[in-house]
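Just below is one structure, and these are the notes that go with it.
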Amino acid sequence: MSESIFKMTNRKEVVFMSKLKIKLIAISLLSIAILIVVITGFSGALYQDVEVIEPTIMMGSLKLKVGDEIPANVPLHFDNMLPGELEKISFMVDNIGSLEGNFWVRGEIVESNNDGLLNCARLSLVYIRPNGSPYPIINHNLLINIVDDFDTEPHTEADDLVNNGPVEMQVWVSTDGCGSENMGDYLKARLSLYLTQIIEE
């Protein structure tokens, strides 16, 4: 009986010792792992260099300014003209955006009480270069012929003038071809000034 008790006690000790060894081994392994992490972390911090760059992205803009206000408020009223007269109105044009653009013009007839002025009055749209000489976009066209797009090609002198503006622009109206039969005639035209992004091929 004492021998069986001894064996039982001995077995319990063996089991207890085995569990204790497993715990000690687990604790040792955990300690080693923590030590490796700590050493690696510190060594990484000690041997690391960081340079930070921060890109700022801003899209460019095209912004056309015609006259003194945005949006444009340039009254082009040629009132009470007589046959044979020539009148002009001047204003400034400028690209106040950050990108260069292609400046071009579209002419339209909005309304007219008859065809008289269409076939006798003429319109010119002219830049004034820095040296004072004129650069015509629409050159003394009959009003019936202003229904078109003008100077649509990029990289023209007009583009350079607007992109490096402000530049003076003048609208001229001539009734030199009109007669007394046109008295009381009325016409409203529209000139749309465009500044378009240049896409290089």
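Using the Cβ-Cβ distance between S192 and M92 with R0 = 30 Å, the FRET efficiency computed as 1/(1 + (r/R0)^6) comes to roughly 0.95.
Ordering H155, H77 from the fewest to the most neighbouring beta carbons within 10 Å gives H77, H155.
Computed from backbone phi, the HN-Hα couplings of the range 174-187 come to 10, 10, 4, x, 8, x, 5, 5, 9, 4, x, 5, 9, 8 Hz, rounded to whole numbers (Karplus: 6.51 cos²θ - 1.76 cosθ + 1.60, θ = phi - 60°; Gly and Pro given as x).
Computed from the C-beta positions of E153 and D68, the FRET efficiency with R₀ = 30 Å rounds to 0.55.
Note on R106 and S28: their simple-model spin labels are 8.6 nm apart, each label 7 Å out from Cα toward Cβ.
A simple count of charges around L187, restricted to other residues whose Cβ falls under 13 Å of its Cβ and scoring Lys, Arg +1 and Asp, Glu -1, yields -2.
Taken together, the values in this text are just the output of simple stated rules run on the coordinates, not laboratory data. Values in this document were obtained by computation on a predicted structure and should not be read as measured data. A quick note on method: Cβ atoms are made from the backbone with ideal geometry, for glycine too, and the neighbour counts reach across all protein chains shown.
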